[in-house]
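Engineer: For reference, the structure I am asking about is given below.
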Amino acid sequence: MNKPKITVRYYRIRNRLMEKAGGIGANAATSVFPRHVLEETEELFEEMISDYPDWVQETLNKLTALVEVCVNFEDKRIVTYKQIQEIAHEMKGQGGTFGYPLVSTFGDSSMILPVQMLALPTTTFKSSKRMLML
């Protein structure tokens with residue numbers, strides 16, 4: 001049996017922490033930061049990178065619960081909408097920082113969705129629930 005050929009792409013996104021902190025083109029040799037500070041920061045950053053997928057999963061679970069609130073409680077939509085926007089904004093910023101551009105794209109698109117959700121009547125909300133679930 002011949003299996004169809006698939007292409008797997010692995011993107012290694014460089015850690016741009018040095019450039020973000022020290023300016024464009026900064027590297028360990030030209031940085032004004034003490035070397036030990038950079039090394040400690042890199043270690044902390046690496047720990048955060050390893051925890052990031054778990055944070056994303058927890059965040060997606062939280063977003064799913066917030067969408068449920070919007071679906072079932074019309075009077076809580078505005079407060080919930082603000083929470084969804086804050087979470088989406090965090091995801092948008094952190095995705096790129098930790099090398100997950102798709103998370104950033106998701107966060108960006110999720111910032112638009114709540115605006116549309118506020119305008120929907122409850123009956124439309126409930127019939128569109130599948131579309132809204134993350």
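The values are calculated or read from the model by the stated rules, or taken from the named source; none is laboratory data. Predicted, not measured: the structure shown is a model, and the values here were computed from it. Here Cβ is always computed from backbone atoms with ideal geometry, including for glycine, and neighbour counts include all displayed protein chains.
Engineer: For region 86-134, please list each of the helices (runs of 4 or more DSSP H) lying entirely inside it that holds at least 1 residues being within 17 Å of Asn61 (Cα to Cα) and modelled with pLDDT under 60.
Structural biologist: Filter on region 86-134 gives 101-118, 129-132.
Engineer: While we're looking at this one, here's another question. Of the conditions (1) within 25 Å of the chain's Cα centre (by Cα); (2) modelled with pLDDT under 85, Leu44 fails just one. Which one is it?
Structural biologist: Tallying (1) within 25 Å of the chain's Cα centre (by Cα); (2) modelled with pLDDT under 85, Leu44 fails exactly one: (2).
Engineer: Suppose we filter region 6-41 for residues that are exposed (fewer than 13 other Cβ atoms within 10 Å of the Cβ) and modelled with pLDDT under 85; how many remain?
Structural biologist: Qualifying residue count, region 6-41: 23.
Engineer: Answer yes if at least one residue in region 53-72 is among the aromatic types (Phe, Trp, Tyr), farther than 13 Å from Ser110 by Cβ and surrounded by 14 or more Cβ atoms within 10 Å (Cβ to Cβ), and no otherwise.
Structural biologist: There is at least one residue in region 53-72 that is among the aromatic types (Phe, Trp, Tyr), farther than 13 Å from Ser110 by Cβ and surrounded by 14 or more Cβ atoms within 10 Å (Cβ to Cβ).
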